[in-house]
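Working notes, beginning with the structure itself.
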Amino acid sequence: MASPVVPWSDYTGSEAEALIAALLVRTILGAQRIDGSGGDGGVDVRVRQDGEDHVYEIKGFHGRLTSGQKRQISNSLTTAVEHQPAMIRWTLVLPLEFSPAEDRWFYDVLAKKAEIPIDWIGRTQLEERLSQNRDLLRAFAPGSIERRAMDLLGEYNAEKAAMPKGMVDGIERLAGIKSQIDLTDPDYAFDFKVTGEDISIDVRPKDVRSARRRPIGVSVEISDNDAAVAGQVEQFLRYGRPVDIPSESIIRFEPDLPGNLNEVLLGGTPSISLRKTDEEKSWRLAQRVEAVRDGRVVGTLSVEWDDRSQGPLGGSWVSGKDRGGFLELTMKTGPDQKGGIDVRAPASHDVLPEDAVPAMRFLSLLKRGDQLRFVAPGHADVEGRLTGDPVGDPDALRAGLVVAEALARIQSAAGIRFALPQGWSHEEGQMICFWDQLLTDGRVQWYWPGFWTNLPAASVRKLLRESVLPRISMHATSAKDMVAELLGHPLRIQGQIRCEVTNIVISTPLSLAEQVRDLPPDVLVPVPLAQDNRTICMFYLDLDVDTLVEDST
């Protein structure tokens, strides 16, 4: 004869009820165990939804029902009807399958005591659910501590045996021990990492309600001399930010941990690492931030949040970046539900100008008093208001936006990409403007930078005779597909650059006249060239005809 899944006859009534209650809490969403000390009011487990209660009454009866046991069940229903006005359904749970006579008694006699639906859950359903939650069988089994100890002892003895398959045996045994350890606690699993003689243990909840059923408590006193750690602890308490507390900063440590881990920590002071939950680690949310002024949306920014945590004191922390990765945004709400948003830029030194432009343009639009509205599909809108100046130096932001937009156009035209620089000199800013206009419009009027040229003495004398303030014109053409430099990056220019300068002024005619008076005609003389309001210096980009044909095809 096959052994039963659960040896119910080995359980006392209270042991069976504790096991069944743990199973209901584990497997039914929203289920809560009601402490029956002083009378449970006819409720062992309750599921409340929209102010209405589904009440579960648990009995450990596993044999045919006696008249006394039927009376107990009837009294429990009567008590629930009298003391639970919000009850809309009552379910009896016990490790027994009703006989036809017991089933008739339940629905024909017992059901008349209540004006609400009643039903029952029996042995088959319980054992099917328990087979999927075998750790509960271990945790609530009669003599469960001793049984778990024997299981672990067996695994330990197996671990000491020879390993003819080498690491294959070792890995299988480690997995077996890990499985046994996870059965030692109904609410938490344990992950181990062994490095040399150091062992680290991660305590992981088995489901979302584990922490409510069995809270983890740690009382820690930290040295007043460690301000940095004290600040991290404050951030954890307020916002749930991760914190590492080294053992040397801990004066007193009193834990209340699952799996009897308290005994492991006796005689020493461990270091403590407090981390985000798995749910917080995997959380992501894409939102649109709208800047609203006088009821009108004046700008939008796409934001991707990827860091969320909540502190024990009730505060919260949400941070992320704009879609281009230029801005890092952090929204902090304290336990008093007051907070704000911090913006840091640049969030990275590897952001392309074209990716930075939307964020910089959005920031440049913001003014004190603007409303910020955070919008995401399937979520309620969140609104806030700018009570201070949104940026430190608005002129610097506008200048940075102009440069970022220009660099984005330059890179697109030249077919190159490099990150937005952290800063640039005045001369570099001028060259950004030059290349932006030339590559975008195909021409740019520029200033004459001042220049010296060598002319034969005879040519200088002829210019001086023609005018009191002589002028000349010049033109030049670059090599085809020249490579310039911008902000330390090569800039390949398709085609040729042509420069035409008219009405350049010979600025020192009197001294030149003295200098060339007695010189032979072929002697070269350095002549300074300057500009005035009649001087025009133009640069043109002549695209290669072959390139134009290739692009058009």
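Within the range 526-553, the only residue that satisfies the criterion of being modelled with pLDDT under 95 and in contact with a Leu (Cβ under 6 Å, 6 or more places away or on another chain) is V527.
Contact map, the range 52-66: residues that are outside the structural domain of L24 (by TED's automatic domain parsing) paired with residues that are surrounded by fewer than 19 Cβ atoms within 10 Å (Cβ to Cβ) and modelled with pLDDT under 95, Cβ distance under 7 Å, separation 6+ or inter-chain. No pairs are found. For the condition in contact with a Pro (Cβ under 7 Å, 6 or more places away or on another chain) and closer than 30 Å to L397 by Cα, L487 qualifies. Determine whether the range 508-515 contains at least one residue that is modelled with pLDDT under 95, under 30 Å from A414 (Cα atoms) and in a helix (DSSP H, G or I). No: the range 508-515 contains no residue that is modelled with pLDDT under 95, under 30 Å from A414 (Cα atoms) and in a helix (DSSP H, G or I).
Are there any strands (runs of 3 or more DSSP E) wholly within the range 308-408 with 1 or more residues that are in contact (Cβ under 8 Å) with a residue 40 or more places away in the chain and not assigned by TED's automatic domain parsing to the domain that holds R293, and if so which? By residue number, no strands (runs of 3 or more DSSP E) qualify. Counting only helices (runs of 4 or more DSSP H) that fall entirely inside the range 73-192 and contain at least 1 residues that are modelled with pLDDT of 70 or more, exposed (fewer than 14 other Cβ atoms within 10 Å of the Cβ) and not charged (D, E, K, R), the qualifying elements are 100-104, 123-131, 167-182. Residues satisfying the criterion are absent from the range 203-213 (criterion: among the acidic types (D, E) and touching a strand residue (DSSP E or B) at 6+ places or on another chain (Cβ under 9 Å)). Candidates are the residues of the range 452-497 that are outside any helix (DSSP H, G or I), among the small types (G, A, S) and more than 24 Å from M538 (Cα to Cα); the one that is farthest from the chain's Cα centre (by Cα) is S467.
So, of the residues in the range 498-522 that are surrounded by 14 or more Cβ atoms within 10 Å (Cβ to Cβ) and of a type in the set (V, I, T), which turns out to be farthest from the chain's Cα centre (by Cα)? Checking each candidate, the answer is V516.
Determine whether G495 is out of contact with any Gly (no Cβ under 8 Å at 6 or more places or on another chain), crowded, with 16+ Cβ neighbours inside 10 Å and at positive phi. Spelling it out, G495 is indeed out of contact with any Gly (no Cβ under 8 Å at 6 or more places or on another chain), crowded, with 16+ Cβ neighbours inside 10 Å and at positive phi. So, of the residues in the range 409-451 that are aliphatic (A, V, I, L, M) and not in a helix (DSSP H, G or I), which turns out to be farthest from the chain's Cα centre (by Cα)? Among them, the one singled out is V444. Put simply, of H62, H54 the only residue that is surrounded by 16 or more Cβ atoms within 10 Å (Cβ to Cβ) and not in a loop (DSSP other than H, G, I, E, B) is H54. Is it the case that the range 293-306 has a residue that's in a strand (DSSP E or B) and closer than 21 Å to V208 by Cα? Checked the range 293-306: at least one residue is in a strand (DSSP E or B) and closer than 21 Å to V208 by Cα.
Any residue at all in the range 79-91 that's in contact (Cβ under 8 Å) with a residue 60 or more places away in the chain and within 26 Å of R26 (Cβ to Cβ)? Checked the range 79-91: no residue is in contact (Cβ under 8 Å) with a residue 60 or more places away in the chain and within 26 Å of R26 (Cβ to Cβ). Selection of the range 267-317 for residues being acidic (D, E) and touching a Gly at 6+ places or on another chain (Cβ under 8 Å) yields E280, E290, E304, D306, D307.
The values are calculated or read from the model by the stated rules, or taken from the named source; none is laboratory data. Everything numeric here is computed off the predicted structure, so don't read it as measured data. Glycine gets a Cβ as well: all are built from the backbone with ideal geometry, and neighbour counts include every protein chain shown.
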